[in-house]
Amino acid sequence: MFRSGFAAIVGRPNAGKSTLLNAVMGTKVAITSDRPQTTRRTIRGIVNRPEGQLILVDTPGMHRPRTLLGERLNDEVKDTWGSVDAIGLCIPANEAIGPGDKYIATAIAALNKKHVFAIVTKIDTVTGNELATQLLAVQELGNQIGIDWTAIVPVSAVRDEQVELLVNEIIKSMPQGPQLFPDDALTDEPEEIFVAELIREAALKGVQDELPHSIAVVVEEITPREGRPSGRPMSDVHANIFVERDSQKAIVIGKGGSRLKIVGSEARAEIERFLGVSVFLDLRVKVAKDWQRDPKQLRRLGF
């Protein structure tokens with residue numbers, strides 16, 4: 001009776017999808033930020049339980065695209081929806097259901113998936129009465145759109161409330177099948193991609209409103225430092241931070257390189273935790289003019 005399969009975590013930007021994935025995994029596999037549209041790739045977290053293996057797929061937030069990058073992210077989300085065994089729609093407890101939630105729910109309903117979960121996130125931010133009101137609103141959304149929710153599960157990723165209950169419910173909905181990934185696998189994301197994401201997470205902190213969407217990071221190489229003592233290994237990480245304009249480059253670097261030093265320090269600490277070794281981090285800031293709208297630049301940056 002072993003079960004295995006894929007479930008997509010979907011929702012509009014800032015619905016708590018990546019924070020929830022990290023809570024399920026018990027470690028960071030996706031970067032988080034209070035900036036909308038932080039997630040730019042589908043990220044798979046591999047959850048192992050005695051009764052089954054669940055691959056949770058964190059997806060970029062569905063939004064009204066204003067750039068070619070936005071269009072490609074939305075396409076990636078829709079492609080993911082069609083290939084999974086179940087879908088979990090994240091709706092924050094502290095925000096009224098809006099047009100974005102209804103648009104996504106309508107698109108999900110058209111897929112005729114057997115198992116669709118409503119995940120009410122951020123319940124730690126509301127009172128009991130407010131949560132009850134939101135749960136009723138979510139049920140009504142399902143009635144309006146034509147989704148018979150497999151379950152409506154309120155969770156707090158921050159407080160780890162009902163996260164395990166959610167995992168158990170989703171695993172029950174998976175088809176019977178063999179284990180798909182090794183027991184010790186947490187994600188199938190390449191090392192270089194996650195390191196680049198950790199750098200971008202650090203770069204997103206404290207920047208002006210127009211900058212977050214313009215920042216992209218590419219790791220050129222991660223190499224072990226030669227000649228190090230066997231008990232004190234070190235890796236050299238060389239990465240480029242791309243922005244779209246010279247004015248943005250100046251902001252990321254900061255006066256006398258002050259801002260870039262902070263980004264480097266915060267990113268290095270996260271990378272060292274991830275790699276398990278000391279890290280020398282070499283960061284360069286470069287301009288890729290209007291890369292979010294340029295097909296050639298998007299390919300160069302891995303989109």
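Read-outs throughout are calculated quantities, based only on the coordinates presented, and are distinct from any laboratory measurement. Not measured: the values here are computed from a predicted model. So basically every Cβ, Gly included, is an ideal-geometry build from the backbone, and we count neighbours across all protein chains shown.
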Subject >> Residues MET234, MET1 arranged by fewest to most Cβ contacts within 10 Å >> reply: MET1, MET234
**OP:** Quick one: net charge around GLU51, please, counting Lys, Arg +1 and Asp, Glu -1 for every other residue with C-beta under 11 Å from its C-beta.
**Re:** +3
**OP:** Determine the calculated [θ] at 222 nm for the chain from helices alone, applying -39500 (n - 2.57) to every DSSP H run no shorter than 4 residues and normalising by the residue count; nearest 500 deg cm²/dmol.
**Re:** -11500 deg cm²/dmol
Original post:
Using 7 Å Cα-to-Cβ label points, what is the ARG225/ILE193 separation (nm, one decimal)?
Top reply: 2.9
**OP:** Find out how many positive minus negative residues lie around LYS261, taking Lys and Arg as positive, Asp and Glu as negative, among other residues whose Cβ is under 14 Å from that of LYS261.
**Re:** +3
Subject >> For the range 124-224: rounded, prolate or oblate by the Cα gyration tensor [a/c cutoff 1.5] >> reply: oblate
**OP:** Return one quarter of the surface area of the convex hull spanned by the alpha-carbon atoms of the range 191-300, equal to its mean projected area, in nm².
**Re:** 7.2
**OP:** Hey, can you grab everything whose amide H is under 5 Å from the amide H of GLY11? Only 5+ residues off in sequence or another chain; H modelled, so Pro and N-termini drop out.
**Re:** MET62, CYS90
Subject >> Global geometry of the range 3-173, whether rounded, prolate or oblate, following the gyration tensor of its Cα atoms and the 1.5 cut on a/c >> reply: rounded
Subject >> Cα-centred dipole magnitude for the chain, charges only on beta-carbon of K, R (+1) and D, E (-1), debye, nearest 20 >> reply: 840
Subject >> For the range 174-184, Karplus couplings with θ = phi - 60° (6.51, -1.76, 1.60), whole Hz, Gly/Pro x >> reply: 6, x, 5, x, x, 5, 9, 9, x, 4, 8
Original post:
How long, wide and thick is the range 216-256, going by the Cα atoms along their three principal axes, in whole angstroms, largest first?
Top reply: 44, 22, 11
Original post:
Mind checking which lysines have their C-alpha under 28 Å from LYS255, skipping anything on the same chain fewer than 8 residues away?
Top reply: LYS205, LYS286, LYS289
**OP:** Against the globular-protein guess of 2.2 N^0.38 Å, express the Cα radius of gyration of the chain as a ratio, rounded to two decimals.
**Re:** 1.05
**OP:** Provide the three semi-axes, in whole Å and in decreasing order, of the ellipsoid equivalent to the range 1-76 as defined by the square roots of 5 times the Cα gyration tensor eigenvalues.
**Re:** 26, 14, 8
Subject >> Cut-off 12 Å between beta-carbons: net charge of the residues surrounding VAL77, Lys and Arg +1, Asp and Glu -1 >> reply: +1
Original post:
Among ASP183, ASP101, ASP58, which one shows the biggest mean-square fluctuation in a GNM of the chain, springs joining Cα atoms closer than 10 Å?
Top reply: ASP183
Subject >> For VAL47, residues with placed amide H under 5 Å, excluding near neighbours >> reply: LEU54, ILE55, LEU56
